[in-house]
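Shown next, in structure tokens, is the structure this report addresses.
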Amino acid sequence: MTKTIISPSKYIQGPGELSNLSSYTTQFGHHAFIIADKFVTSLVGKTIAGSYAGREDRYTLETFNGECSKKEIQRLSAACKSQNADVIVGIGGGKTCDTAKAIGHYNHKPVIVAPTVASTDAPTSALSVIYKENGEFDEYLMLPLNPSFVIMDTKVVAAAPARLLVAGMGDALATYFEARATKRANKTTMAGGYVTEAAIVLAKLCYQTQIAEGLKAKLAAEKHLVTEAVEKIIEANTYLSGIGFESGGLAAAHAIHNGLTILEETHQKYHGEKVAFGTLVQLILEDAPKEEIEEVIAFCLSVGLPVTLADLGVSEINEEKLRKAAELSCADGETIFNMPIKVTPELVYAAIVTADSVGHYYQSRYR
Ligand SMILES: [Zn+2]
């Protein structure tokens, strides 16, 4: 029974870290191929240029078009080849980082990711989530290695809208419950083996950090301040949740997220916001203790994460559509089969509708 835990070689976090970028990329060679979308370039372009002042030949900054699709990965890979780059850098959101990882993989080059938000736990993983050009989930691209370096500039992260940090809390909220389910079911993880004790401990710390620091971090992030709580939440959303999901296992929460992408109304919501509701659905599906469900819902309500379908933008409950979402959650190869119970689309549909009712119940109680 082989147990495996994987991680990036180096995780770097602190205010102003992006201004040290050139010192990190030069550890891998002469030329860095950097991708960032237009918006991120307008935010950090000067910082990047400042980092490479007097060494402008050492980097290329290419604009990312915004979708981590096969077409965009091919386009940027070709640009990377033409620059003869030694290292690929992705600066931006989850899709930018995932695209950088895919480019590094296809070009056999090391990858550095520098997320400008802490809205998902994708950055540290050896995984890219590929989307269709219309925004629907396409497939997971499994990579042989994690990114070499992950750099979190907490000042940049705190400058982003607080809703993104909260979405990251939603993604991180699922981590422990999915890892726990995977371990209980004795299933293997994306790390390629059974769950280590280390991964479970990191996943649990991730959850405990959300409960203890989430609200404080949200309130500071709304004023774009870097406090100790913000630092802890950024680390939990990115590093703890990253190792936790990858080496601890994904289960129902993420599969339900994938199913919900079939509902067009949810496309306006962030990954982590849908995963938060997916977490609630998983807890109903596995019949978790009432106290646990209450703690999760109270947390979601305190930071403003969705607990009902209406919160996700689904104003009208359409049985046929919800049954389709449930079916998609149970597609072949989905992580929902890491649950320690026998899952069927019928059970998932019942859990989605019940989670919605439970969410409404507590919403009216806490108001
Ligand atoms: Zn996620």
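What to note about this one:
- Number of residues in segment 103-138 that are away from the ligand (no atom under 15 Å from the Cβ) and surrounded by fewer than 24 Cβ atoms within 10 Å (Cβ to Cβ): the value is 12.
- Filter result for the condition that a residue is of a type in the set (A, V, I, L, M), in a loop (DSSP other than H, G, I, E, B) and within 16 Å of the ligand (Cβ to nearest atom), over ALA191, ALA181: ALA191
- Looking across GLU320, GLU292, GLU273, one residue alone is within 21 Å of LYS204 (Cα to Cα), free of Cβ contacts under 8 Å to residues at least 12 places away in the same chain and either assigned to a helix (DSSP H, G or I) or within 14 Å of the ligand (Cβ to nearest atom) (or both). It is GLU292.
- Remark: ALA199 matches the filter, which requires a residue to be buried (at least 24 other Cβ atoms within 10 Å of the Cβ) and away from the ligand (no atom under 14 Å from the Cβ).
- Test result for MET169, within 16 Å of the ligand (Cβ to nearest atom), surrounded by fewer than 15 Cβ atoms within 10 Å (Cβ to Cβ) and in contact (Cβ under 8 Å) with a residue 24 or more places away in the chain: no
- If only residues of segment 77-126 that are in a loop (DSSP other than H, G, I, E, B) and among the charged types (D, E, K, R) are counted, the one that is farthest from PHE137 (Cα to Cα) is ASP86.
- Of all residues making up segment 6-25, the number that are in contact with a helix residue (DSSP H, G or I) (Cβ under 8 Å, 6 or more places away or on another chain), assigned to a loop (DSSP other than H, G, I, E, B) and either modelled with pLDDT under 95 or surrounded by fewer than 18 Cβ atoms within 10 Å (Cβ to Cβ) (or both): 2
- Of note, VAL87 satisfies the criterion of being buried (at least 23 other Cβ atoms within 10 Å of the Cβ) and over 30 Å from GLY249 (Cβ atoms).
- Residues of segment 224-270 classified as surrounded by fewer than 24 Cβ atoms within 10 Å (Cβ to Cβ), more than 14 Å from the chain's Cα centre (by Cα) and away from the ligand (no atom under 14 Å from the Cβ), total: 15
- Looking across segment 283-307, the residues that are surrounded by fewer than 19 Cβ atoms within 10 Å (Cβ to Cβ) and under 12 Å from GLN363 (Cα atoms) come down to GLU294, ALA298, LEU301, SER302, GLY304.
- Inter-residue pairs, beta-carbon under 7 Å, first touching a residue at least 60 places away in the same chain (Cβ under 8 Å) and in a helix (DSSP H, G or I) and in segment 238-267, second among the basic types (Lys, Arg) and crowded, with 24+ Cβ neighbours inside 10 Å, 6+ apart: LEU260/LYS274
The values are calculated or read from the model by the stated rules, or taken from the named source; none is laboratory data. Since this is a predicted model, take the numbers as computed values, not measurements. With ideal geometry, Cβ positions are generated from the backbone for all residues, glycine too; neighbour counts draw on all protein chains shown.
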